[in-house]
Structures are given as C-alpha cells and as structure tokens.
C-alpha cells in the first residue's frame, strides 16, 4: 500500500511546542503538498496560529474537523497524554483509518498505552528525538509495534530525517535507554559547559570570558566530531600530547572514579526515571 500524506489524508501534528514545532518546520522546509499538514494544539495563541496558517498549515483546537491522518504525530508532554489521548481515539474508529500510523515522541508513554487508545492492531511507533532537533541536528531512535514494510519504514525515516539523524532500535525497552543517553544527553552537555565555565572563573577568568571559552569549546568540538570520520577516541588521542596539559586533565577524567562511572550513574538514573514514567500511566 502506498504511503504518503495528502490533503485528504494529511500529516496531523498534535502539539506544536518546541519539539513539535521543530519537526513541523523541518517538514515544511522539505516540502509537503498544500493542505497536507494539520496541527491540533489548543494552547497556541492567535499570532502563533496565524503564523502557521501563513505557512499553509491548518490549525485546530480540537480534532473533530480534522481529516483522518495518514500519520498522527503525538508531540505532547508525557504528563498531558492522559488528558489528550481520549479526544484522539475517534480517529481510530473512522472507516478509512485502518492504515493510519501513530507516532509518539512522548517519553515513557508505552506502546501498550497508545494501543489501548487506538486499538491493538494500530500501527504505533515510538520515537525519541532530542532538542538539537531545533537546529536540524537531532538524533531520533524509532521502534514500531509491528514490523514495518520497507516503504513505511522509509516514509517514517525520511520524515524524521528532517530534524537530524535517524536510527532504529530492536525493542521498546531500548527506547528507555535511548531516552537516558540521547534524549536527556543534551542537558548533560550543557551542564558540562556550566562546569567548565565555573572552573575557569575560579581560576581567575572573568565570568563572561570563561563562559564564551567553555561554550565555544564544546560547540566546536561537537562540530569537529560531526564533520570528522574519525572516532571520538581517535580525536581525543590526536589532541593529547604526552605529559602535556590535556593529558594531565584526562588523567583525572579517565581515573577509576572519574568521568566514566559518573556518566554511567547519570544515565542509569535517567533510565530508571524513563521506566517509572511508563509505569505511572
């Protein structure tokens, strides 16, 4: 069966906040048929709604008058799912909804929860993007409730590629690990910048200079990693002179009680919370 979004069977985005909005702008930049994108978000003010309308997007506060989606994208906070899902259940009861794809980016909202709303045979896909999607440099992991045809898999991957790199994982449990590693990962990196700047300030740098140095160092190192074909290990070794300043710093970071066990502890804590979120629903 052909997979596409059209005016009759559109892409329907529920939630146009930061993540939903980033995905939407990526899709619009790639080009979609006129009238093929609808947004359901009662929280948008009139100015925000008008901006989307000017881009050719149909905006709704409720789903009642929205055509049956080819793809229903749920980009709302996990805490809102219990309130929002019942209003979307009617989509599944429509006569032309048998091939509707439901894709959720909400952390902790399980396939079982989504299937309880849209039906046990619904084509549900969990996705975990991260906030660099806001600049087209995110990474998204995907897991479907059922095996996808190559055509559907390509369709979904192409849509999500509008905000960055796409990977598929082989179990729903892996999505919780993805949440802990890459979903929450940008915050870990931002805190690294804060810590580096704070250390620079303590050693005598002006606060603004320390922050510029830390921020640009992390951003530049990330861009180097992005553009280089070398592994992270190789890049690290290449900038580490024996008995030099970098080696002295790495001796601390790479000690048995250094950065690796701290990062593992951090990711395990985030992983536990991702599992807890699923159990709370």
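The values are calculated or read from the model by the stated rules, or taken from the named source; none is laboratory data. Owing to the predicted nature of the structure, the values given are computational and were not obtained by experimental measurement. Here Cβ is always computed from backbone atoms with ideal geometry, including for glycine, and neighbour counts include all displayed protein chains.
Of note:
- Of the residues making up segment 65-81, just one is more than 26 Å from residue 107 (Cα to Cα) and either without any contact (Cβ under 8 Å) to a residue 12 or more places away in the chain or assigned to a helix (DSSP H, G or I) (or both), namely 65.
- Among (1) touching a residue at least 12 places away in the same chain (Cβ under 8 Å); (2) surrounded by 13 or more Cβ atoms within 10 Å (Cβ to Cβ), the one test that residue 161 misses: (1)
- Within segment 255-281, restricting attention to residues that are farther than 24 Å from residue 183 by Cβ and out of contact with any helix residue (DSSP H, G or I) (no Cβ under 7 Å at 6 or more places or on another chain), the residue that is surrounded by the fewest Cβ atoms within 10 Å (Cβ to Cβ) is 256.
- Matching residues in segment 206-227 - criterion: being surrounded by 12 or more Cβ atoms within 10 Å (Cβ to Cβ), without any contact (Cβ under 8 Å) to a residue 12 or more places away in the chain and over 22 Å from residue 247 (Cα atoms): 209, 212
- Total residues in segment 169-181, condition touching a residue at least 40 places away in the same chain (Cβ under 8 Å) and surrounded by fewer than 21 Cβ atoms within 10 Å (Cβ to Cβ): 3
- Any hit, segment 263-271, residues being touching a strand residue (DSSP E or B) at 6+ places or on another chain (Cβ under 6 Å) and touching a residue at least 60 places away in the same chain (Cβ under 8 Å): no
- Residue match in segment 82-94 (condition: closer than 14 Å to residue 128 by Cα and in a loop (DSSP other than H, G, I, E, B)): no
- Which listed residue is under 19 Å from the mean Cα position of the chain (by Cα), assigned by TED's automatic domain parsing to the domain that holds residue 113 and within 30 Å of residue 19 (Cβ to Cβ), from 178, 166: 166
- Residue 195 being on the phi < 0 side of the Ramachandran plot, free of Cβ contacts under 8 Å to residues at least 60 places away in the same chain and out of contact with any strand residue (DSSP E or B) (no Cβ under 9 Å at 6 or more places or on another chain): yes
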